[in-house]
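For reference, the structure discussed in these notes is given below.
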Amino acid sequence: MYQRHYRVAELEKCNPELSIADRPYQIEAIKTIAAHFQNERRKALIIQATGTGKTRVSIALTELLLRSSWAKRALFLCDRKELRVQADDAFKQYLPSEPRCIIGETNKIDQTARIYIATYPGMMNRFTQLDVGFFDLIIADESHRSIYNKYGDLFEYFDALQVGLTATPVKFISRNTFNIFDCETTDPTFEFGLDAAINNEPPYLVPFRVKDLTTDFLRDGMHYNDLTDEQKRQLEEDLGAEEAQNTTIAGKDIGRKIFSEDTDRIILENLVNNGIKDETGSLVGKSIIYAQRQTHAEHLEKLFCKLYPQYGTKVCKVIHNAIPHVGSLIKEFKKADNQFRIAISVDMLDTGIDIPEVVNLVFAKPVKFWVKFWQMIGRGTRLRPNLFGPGRHKTEFLIFDHYGNFDFFEEEYQEPEDTGGKSLLQTTFEVRLELAQTALQQNHAAAFDIAIELLRRDINDLPDASVAVRRELRVVHQLQQTDLLQRMEARTQHLLANDIALLMSARVLYDKQATQFDKLMAFIERCLVEHASCLDDGRDQLLAELDRLAVNIQAVRQKEAVIAEVRSAEFWQNLTIERLETARKELRGIMKYRQQRTGPTYETATTSTNDSGMQTREREVRIAGANDAMLYRRRLKDILDQMVDTSPTLQKIRKGETIAETEQTSLTSTILSTHPGVDLVVLNEFYGRTADQLHLTICEIIGLDPQAIEEHFKGFLHTHPTLTAQQVRFLNLLKNYIAQHGSIVVEKLYEAPFTSVSHEGIDGVFSTDDAGDLIAALKPFVRVDSKPTPA
């Protein structure tokens, strides 16, 4: 009732708090979401590249909704504690006056706060303490289908506006995710991707160069029969003759199945010698090496200390989750001015960590998933002014790809089907259902009765308080109170597989190890009923699990007779479903006493066998949207800016003076001789100018200051808070056009790309008076000539 009376009616005509989010695309994002909510939509999806300020947009949107009485309390959800800490720091910095509550630090929730920050699991354990109307806004970071499958109750329970955030590019987001946020097509509510951020003038993110370096072992693997006699001798010396002669390891497994000192030496030396250095040029800048696994990371650190004892662990350190106090180590790496330059990471610095000083990324491992690969690349994209001294900014970063990842994603990769991240309780229920269906087909009465009883217990364990279960409560009660399960008709099987199985994640998982054992035993029982060869695999896995039980635990000793029976040949020769079920009941409670695997059961072999055939190349990775004219313009501007102080011709052009044809020819020749491949004439032709107008193109380039254009349009947006989302979008297109082309003719405002906002161009977006204000603001950039502008 309060909102209906007092909230701002035209939300999109309010600017966000500019001290939080003031970039043009951030203002457009917030106004677009505001317009969305204003039009009575309840959900929105924002796609923003890593490093473009998703958290700032979230905070600014929250502040706007609080200020305009659209919201009283907001919840920010993320998937890791480290990100929860980062989000809390950001909200504390930008909204210090709003009381905050970190959900998960205690079991109770402070209900007097306005801003709430939680991880998904932390919120799932506590959300029923709150009323369904407690939150007015929920912002979900890294939103995708598996989040909603696993934590869907949060979004069903609370009656709130919902905003999903993700850095995943559109083409790799499943259609289900778009459906979750009520996007009718695969178009998000707002998008500002990596290509838009890098191609902006000036760039919001820095581009990268890729250098591939491979060796014989990395390309072709390590196969004993293919080695030279000298390599064979060394391998036999390192591994022993028998093991060496059986060695056949694929290139992607170097560093996982075997450590090749020579291969890793090449990788480390390549970084130290060819990576981007610090401002002194003596030591490599902040760098992340992505290692295969923890032991590989430790091997690389040890090898680095051997190669560079003068640096040692002051410069190079391992970061993985088995390191004590790893959080303080990450904080140390984040500090800009220290000797800790090389972090060898295993799954700790892949996502969510912001370190703008990173200038080198080393892929010393293969990566299998496109989204994760680009999240890892995103660790280097952030801007860092004055990184190499005053006025010497970070303008690019290097990627050293040693495992052919770019080749894999360009040539072989196929996006896996989105399975939605099933819970252990769901997959266990599904295996039990398969057992019941198989028993029904095979007419195996004992197995069928056991499976039905297990399924019934699982269904009886469903909590009525769960939002998801409540939605299907009538069906759940039918299954609990009637003989539907016993009859197991086709309709019931479909219901169990497609509806009831999804509800299993609402149950409480009390004993993970016992449930994993239940799943394994259901698998073995199904294989027995089906007379399938998978029974041997199940038997081997079961015996391996029994071998891991700690014999010094009294509870395990009490089950020695049962364990011995299951291990016996007689048990498997006279196997019955009843004996398997008895063993499951007897042993499930002690599976928590299995000794944990801390890694491979064997020490990874290391060899110093010489690795040869090193091949290097610089790969051209084009960012979508980067047209040749824009790339030419950027490169030429850098060249001309360096020449202007020593070139009388450029000085005359900058002053607007006419130059002779001979001076123009001389200037072009100078540029071509010092920078082959850069031709002023190409850019001149792009702008539709004749040869005698080349000086106009040069004048535009050297007189063009993308940062000044950015500030000009930013100032216009800041002083016109009542602009609509559509008008802000038009202005951002205009800013980008002028930054790329240097100027504009008024007629162009009625052509593409501006007709993408309205088919009438400027007249369809602005009123006559507003259009006049805009044209007045464009005066410094308007060109009056009859030359055609490029489409």
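Here are some notes:
- Scanning the range 713-750 for residues that are open to solvent by 40 Å² or more (accessible area, probe 1.4 Å) and either more than 34 Å from the chain's Cα centre (by Cα) or modelled with pLDDT under 90 (or both) turns up THR719, HIS720, THR722, ASN736, GLN740, VAL746, GLU747, TYR750.
- Selection from the range 751-772 of residues that are open to solvent by 10 Å² or more (accessible area, probe 1.4 Å), under 25 Å from PRO202 (Cα atoms) and part of a helix (DSSP H, G or I): THR755, SER756
- On the stretch given as the range 483-498, residues that are assigned to a helix (DSSP H, G or I) and in contact with a helix residue (DSSP H, G or I) (Cβ under 7 Å, 6 or more places away or on another chain) total 8.
- Residue in the range 171-182 that is nearest to LYS31 (Cα to Cα), counting only those that are at pLDDT 75 or above and open to solvent by 10 Å² or more (accessible area, probe 1.4 Å): ASP182
- Condition check for ALA465 on (1) in contact (Cβ under 8 Å) with a residue 24 or more places away in the chain; (2) surrounded by 13 or more Cβ atoms within 10 Å (Cβ to Cβ): one failure, at (2).
- Residue tally, condition open to solvent by 80 Å² or more (accessible area, probe 1.4 Å), within 18 Å of LYS519 (Cβ to Cβ) and not in a helix (DSSP H, G or I), over the range 539-553: 0
- When the range 731-786 is filtered for residues that are more than 26 Å from THR697 (Cα to Cα) and hydrophobic (A, V, I, L, M, F, W, C), the ones remaining, listed by number, are VAL757, ILE762, VAL765, PHE766, ALA771.
- Being free of Cβ contacts under 8 Å to residues at least 40 places away in the same chain and at positive phi is a property that holds for GLY391.
- Taking the range 152-170 as the range and being under 22 Å from ALA506 (Cα atoms), in a helix (DSSP H, G or I) and open to solvent by 30 Å² or more (accessible area, probe 1.4 Å) as the test, the residues that pass are GLU156, TYR157.
- Counted residues, the range 290-304 - those being open to solvent by less than 40 Å² (accessible area, probe 1.4 Å) and farther than 20 Å from GLU82 by Cα: 8
- Residue count for the range 588-610 satisfying the condition of being assigned to a loop (DSSP other than H, G, I, E, B) and either open to solvent by less than 60 Å² (accessible area, probe 1.4 Å) or at pLDDT below 85 (or both): 12.
- If you go through the range 115-125 and keep only what is open to solvent by less than 30 Å² (accessible area, probe 1.4 Å) and free of Cβ contacts under 8 Å to residues at least 40 places away in the same chain, you end up with just GLY122.
- Evaluation of GLU357 against (1) acidic (Asp, Glu); (2) touching a strand residue (DSSP E or B) at 6+ places or on another chain (Cβ under 6 Å); (3) at pLDDT below 90 (one fails), failing number: (3)
- Enumeration of residues in the range 20-67 that are in a helix (DSSP H, G or I), open to solvent by 10 Å² or more (accessible area, probe 1.4 Å), touching a Leu at 6+ places or on another chain (Cβ under 8 Å) and not aliphatic (A, V, I, L, M): GLN38, LYS54, GLU63
- Residue that is nearest to GLY327 (Cα to Cα) [pool: residues in the range 351-403 that are among the polar types (S, T, N, Q) and open to solvent by 10 Å² or more (accessible area, probe 1.4 Å)]: THR351
- Inter-residue pairs, beta-carbon under 6 Å, first within 16 Å of LEU398 (Cβ to Cβ) and in the range 209-223, second of a type in the set (Asp, Glu) and open to solvent by 60 Å² or more (accessible area, probe 1.4 Å), 6+ apart: LYS211/GLU618
- Number of residues in the range 281-326 that are farther than 19 Å from TYR403 by Cβ and of a type in the set (Gly, Ala, Ser) equals 5.
- Meets criteria (crowded, with 16+ Cβ neighbours inside 10 Å, within 30 Å of the chain's Cα centre (by Cα) and among the basic types (Lys, Arg)) for LYS232: no
- Restricted to the range 194-211, and to residues there that are modelled with pLDDT of 90 or more and part of a loop (DSSP other than H, G, I, E, B), the residue that is nearest to ASN360 (Cα to Cα) is VAL206.
- ALA322 fulfils the conditions (1) surrounded by 17 or more Cβ atoms within 10 Å (Cβ to Cβ); (2) small (Gly, Ala, Ser); (3) modelled with pLDDT under 95 except for a single criterion, (1).
- For the range 1-28, a residue qualifies if it is of a type in the set (Lys, Arg) and either touching a residue at least 12 places away in the same chain (Cβ under 8 Å) or in contact with a helix residue (DSSP H, G or I) (Cβ under 9 Å, 6 or more places away or on another chain) (or both), and the qualifying residues are ARG7, LYS13, ARG23.
- Positions within the range 1-19 being more than 30 Å from ARG384 (Cβ to Cβ) and open to solvent by less than 20 Å² (accessible area, probe 1.4 Å), in sequence order: LEU11
- Tallying residues that are in a helix (DSSP H, G or I) and open to solvent by less than 10 Å² (accessible area, probe 1.4 Å) within the range 254-274 yields 5.
- Yes/no for THR313 being open to solvent by 30 Å² or more (accessible area, probe 1.4 Å) and touching a residue at least 12 places away in the same chain (Cβ under 8 Å): yes
- Residues that are within 15 Å of ASP262 (Cβ to Cβ) and open to solvent by 20 Å² or more (accessible area, probe 1.4 Å) within the range 191-217 comprise THR214, ASP216, listed in sequence order.
- Selection from the range 617-643 of residues that are loosely packed, with under 14 Cβ neighbours inside 10 Å, touching a helix residue (DSSP H, G or I) at 6+ places or on another chain (Cβ under 8 Å) and at pLDDT 75 or above: ARG619
- Each residue in the range 290-316 was checked for being part of a helix (DSSP H, G or I), out of contact with any Leu (no Cβ under 6 Å at 6 or more places or on another chain) and of a type outside the set (A, V, I, L, M), and 12 pass.
- Within the range 235-247, if we keep just the residues that are in contact with a Phe, Trp or Tyr (Cβ under 8 Å, 6 or more places away or on another chain) and in a helix (DSSP H, G or I), the residue that is surrounded by the fewest Cβ atoms within 10 Å (Cβ to Cβ) turns out to be GLN245.
- Those residues of the range 68-114 which are surrounded by fewer than 16 Cβ atoms within 10 Å (Cβ to Cβ), over 22 Å from ASP354 (Cα atoms) and without any contact (Cβ under 8 Å) to a residue 60 or more places away in the chain, in sequence order: SER97, PRO99, GLU105, THR106, ASN107, LYS108, ASP110, GLN111, THR112
The values are calculated or read from the model by the stated rules, or taken from the named source; none is laboratory data. What you are looking at is a predicted structure, and each value in this text was computed from that prediction instead of being measured. In this analysis, Cβ positions are derived from the backbone assuming ideal geometry, glycine residues included, and neighbour counts consider all displayed protein chains. Ligands, DNA and RNA are excluded from the accessible area calculation, which covers all protein heavy atoms including side chains. Shrake-Rupley method; radii C 1.70, N 1.55, O 1.52, S 1.80 Å.
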